[in-house]
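The values are calculated or read from the model by the stated rules, or taken from the named source; none is laboratory data. Bear in mind the structure is a predicted one, so any value in this text is a computation, not a measurement. Virtual Cβ from ideal backbone geometry, glycine too; neighbours counted across all protein chains shown. When the accessible area is computed, the model is the full protein with side chains, heavy atoms only, and any ligands, DNA or RNA have been set aside. Shrake-Rupley method; radii C 1.70, N 1.55, O 1.52, S 1.80 Å.
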Amino acid sequence: MTSLITSVAKGAIAGAAGTLAMDLVWYRRFRQGGGSQPFIDWETSDGTEGYEDAGAPARTAKAVAGMIGIDLPDSSARMANNVVHWVTGVAWGKGHGVAARVAGTVSPVLGIGTAVVAWAASYAVLPKLGVYKPMAEYDRDVLWQDLSAHLVYGAVLGTTYRLISSRP
């Protein structure tokens, strides 16, 4: 049991590293598109005033909270976006840790697989919550932008997991 807990903890760390890497990809694209907000402001959703202008993580929080009878105020959108975004990245990392333990491998390729599953799951679940449109309604460029950012997440996730797993 201890080794499973260790694998999950390593996965959480690797998931955080992957999330940061993915965010850096998105931030670079934001800047290339003319955005000027400093990284920390962009990363923490500065300027988000409500759920209408919030990212998918915040809208997911709002939808899930609504399903259990909680109405989140607009003032919570920025925090919800950050919490759900980071919790999701870390949670997929934990899942990666479990998969690595079960598969008996620390291959970075497993990180790519985790990322592809996470990406596909978002297009399976989030349309049902009203956060995304069905996958077929997105053009290939939008899907590629999202998938490629997830592939960076997976590469960093898998590599970080391998690096921290090889330490004595």
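To one decimal place, what Kirkwood hydrodynamic radius in Å is obtained for region 60-99 from all pairs of distinct Cα atoms?
When all Cα pairs of region 60-99 are included, the Kirkwood radius is 11.2 Å.
For the chain, what does -39500 (n - 2.57) per DSSP helix run (n ≥ 4), summed and divided by total residues, give at 222 nm, in deg cm²/dmol to the nearest 500?
Taken over the chain, the calculation gives -24500 deg cm²/dmol.
For region 10-168, give the magnitude of the charge dipole about the Cα centre (Cβ charges: +1 Lys/Arg, -1 Asp/Glu; no others), in debye to the nearest 20.
Its charge dipole is roughly 820 debye.
Given 0.36 nm per residue, what is the gain on full extension from Ser3 to Gln32 after removing their alpha carbon distance, in nm?
Taking 0.36 nm per residue and subtracting the Cα distance, the gain is 6.1 nm.
Quantify, in whole percent, the carbon and sulfur part of the accessible surface of the chain (1.4 Å probe; protein heavy atoms only).
Roughly 64 percent of what the probe reaches on the chain is carbon or sulfur.
Count charges around Ala100 for me, please; just the other residues with Cβ under 10 Å from its Cβ, Lys/Arg as +1, Asp/Glu as -1.
+3
Where does region 19-88 land on the Kirkwood hydrodynamic radius, alpha-carbon pairs, in angstrom?
Computed over Cα pairs of region 19-88, the Kirkwood hydrodynamic radius comes out at 12.6 Å.
Name the residue farthest towards the positive end of the dipole of the chain from the options Val87, Val102, Tyr138, assuming +1 on Cβ of Lys and Arg, -1 on Cβ of Asp and Glu, about the Cα centre.
Value: Val102.
Once you have the Kirkwood Rh of region 39-130 from its Cα pairs, apply Stokes-Einstein at 20 °C and 1.002 mPa s and quote D in µm²/s.
147
Taking the Kirkwood radius as the inverse of the mean 1/r across Cα pairs, report the Rg/Rh of region 84-168.
That ratio is 1.03, to two decimals.
Taking a probe of 1.4 Å, how large is the accessible area per residue of region 16-153, in Å²?
56
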